[in-house]
Amino acid sequence: MSQNQDFQSFAREYRARFPQDVLHVPSALTDGQDVTALVEALARQGRSPMLFCDRVPGSDWPLVTNAFASRNRIARILGTDPDNLHAEYQRRANSPIEPEYVESGPVAEEVAEGDAVDLGNVPMIRHFDSDRGPYATNAIIVACDPETGVANLSYHRSMRHARNALATSLHSRGHLWRMYETARSAGRPLPVAMVIGAHPLFMLAASARVAYGVDERAIAGALMQEPLKLLGTPRQGIGVPAAAEFVLEGHLDPEAHVAEGPFGEFSGYSSDRSTNTLFHVTAIMRKRAPWLVDVVGGATDEHLNLARLPREAEMFEKLKARFPAVTRLHYPTSGTHFHAYVALRQSRPGEARQVMLGLLGWDPYLKTVVAVDEDIDVTQDSQVLWALATHFQPHRDMFTIAGLPGSPLDPSSTSDGTTSRLALDATRGPDFHGIRATISPAAQERARALIAGGQP
């Protein structure tokens, strides 16, 4: 794929090269929820195309969504195939490239500041009937630590609160929360910028799992294999992608507490758990003819893939380095972010337990891990469930750990996100007796030919 850092250029090129993987909706939609309904209806058919919608209520410009719903599509963007997706992501992400500032860029074609700021001109749609209102789901906040100057990228659902203010949630309690707390303890607002729409590799970098002090903009450059071009915002000079669709500049209020949520989250529930943070907007930057680059919320493949691919890649690299027996790792859509399946070539008793303990300790979102043998396809729920049905004995093959921090967006957790963990060993084990029923490759090939209408 082209390494152009502009989303519109990427989308046009992708549509030209892979038209079968794109669905164009030229007719006007009645409601923003129609976008979500279309994506969910296609998913029930086993389809996950990138969606181009010309006219959607809540936006004066075309909307593109579902870009991350397909692992095959993400692999194409990274120039690889699905089997090597984790390795290619880590290969690039492990070699950060520092960004470069430029004097101008498409995002500065239209700029409104001060009294001219009107968030009614920033497109947002209502994704679910249960949402409090229209939201920006692809809202990436860029912030710098008030003491060190280190920059951070993170996603935060955001809705209009006033003409010049957003209500947002810093629910991840991640690096931005740390910066916000530092500023708040000093009685200062935290200057931030919000990017709505940028190249998919910038969007993927914003989900990167990195230590505090690592600038995800350098990860974006690594994924793009060239320095990310940055433009300073009008008032604070915060470095944002020069080719972004929209950028909002302002600050997070250290005192205000505003209504935000419920919003359809990755758990499949509409969550009103929020930090209820106020974002004062002092400037709006945008292209002259921008697109609304949307992320479908809820427990959808797009929402989950965007967050779980970097998590899977990091966890697989860690596990493989410590436990060479591990062969595959998968976070299934059915488990939102709370389940993981790991396959391994177990060489000694207890190895599966060690692997599962590693996963449960490293990833705070995980509640349940299932370990299976390497011949089980961990991307297929049905195969993992079959392994549980035929290899697992509850009195012997499970353990739990209680009282650990988890996700505050898990509706079953305590209000502060405390949860417990479950490990299920569905490997065959050393004393397993059974021969798996198999079909010869020749018979499988003849069956494929018959189904395709050919001759065996």
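The values are calculated or read from the model by the stated rules, or taken from the named source; none is laboratory data. All values reported here derive from a predicted model rather than from experimental measurement. Please note: Cβ atoms are built from the backbone with ideal geometry, for glycine as well, and neighbour counts cover all protein chains shown. Protein only, heavy atoms only, side chains kept; ligands, DNA and RNA dropped before computing areas. Shrake-Rupley method; radii C 1.70, N 1.55, O 1.52, S 1.80 Å.
Just the number, please: carbon plus sulfur as a percent of the accessible area of the stretch 281-404, 1.4 Å probe, no ligands or DNA/RNA counted.
Values: 2600 of 4790 Å².
C and S atoms contribute 54 percent here.
At an R0 of 51 angstrom, the distance between the Cβ atoms of Leu388 and Arg55 translates into a FRET efficiency of 0.65. Residues Glu110, Glu314 ordered from highest to lowest accessible area at a 1.4 Å probe: Glu110, Glu314. Sorted from greatest to least, the principal axis extents spanned by the alpha carbons of the stretch 303-410 come out as 34, 28, 26 Å. Candidate cross-link partners of Lys229 among the lysines, defined by an alpha-carbon separation under 28 Å and a same-chain spacing of 8 or more, comprise Lys287.
Projected label points at Arg322 and Thr418, each 7 Å from Cα along the beta carbon direction, are separated by 2.4 nanometres.
So what is the accessible area of the stretch 232-283 per residue, in Å², with the probe set to 1.4 Å? Don't skip to the answer; put the middle values down first.
Numbers: 1650 Å² over 52 residues.
Value returned for the stretch 232-283: 32 Å² of accessible area per residue.
Taking each DSSP H run with n ≥ 4 as -39500 (n - 2.57) and averaging over every residue of the chain yields -8000 deg cm²/dmol at 222 nm. Using a simple spin-label model with pseudo-atoms 7 Å out from Cα toward Cβ, Asp377 and Val102 lie 4.3 nm apart. Here's the picture: charge each Lys and Arg Cβ at +1 and each Asp and Glu Cβ at -1 in the stretch 350-456, and of Ile451, His391, Thr379 the one pushed furthest to the positive end of that dipole is Ile451.
Of all beta bridges DSSP finds with both residues in the chain, what is the antiparallel percent, to the nearest 5?
Values: 56 of 74 bridges.
Beta bridges within the chain, antiparallel portion: roughly 75 percent.
Annotation for Glu13 and Ala447: the two label points, set 7 Å from Cα along the Cα-Cβ direction, are 4.1 nm apart. Each Lys or Arg adds one and each Asp or Glu subtracts one; over the other residues with Cβ under 13 Å from the Cβ of Glu110, this totals -2.
Ranked by the mean number of other Cβ atoms within 10 Å per residue, highest first, peptides 404-412, 343-351, 301-309 order as 301-309, 404-412, 343-351.
Order of 151-162, 248-259, 423-434 by packing, highest average Cβ count within 10 Å first?
Details: 151-162: 21.3, 248-259: 18.4, 423-434: 15.8.
Put in order of decreasing packing, that is 151-162, 248-259, 423-434.
Placing +1 at every Lys and Arg Cβ and -1 at every Asp and Glu Cβ, with all other atoms neutral, what dipole size does the stretch 295-374 have around its Cα centre, in debye to the nearest 20? Show your work: numbers first, answer last.
On the way: 10 positive and 9 negative charges, 63 e Å.
Value, rounded to 20: 300 debye.
Packing order of peptides 175-185, 80-90, highest average first: 175-185, 80-90 (average count of other Cβ atoms within 10 Å over each peptide's residues). Any lysines with Cα under 25 Å of the Lys320 Cα? List them, leaving off those in the same chain fewer than 8 positions away. Once the sequence-local lysines are set aside, what remains near Lys320 is Lys367. Surface composition of the stretch 177-235: carbon plus sulfur atoms hold 46% of the accessible area, using a 1.4 angstrom probe and ignoring ligands, DNA and RNA. Normalised radius of gyration (Cα atoms, divided by 2.2 N^0.38 Å) for the chain: 1.02.
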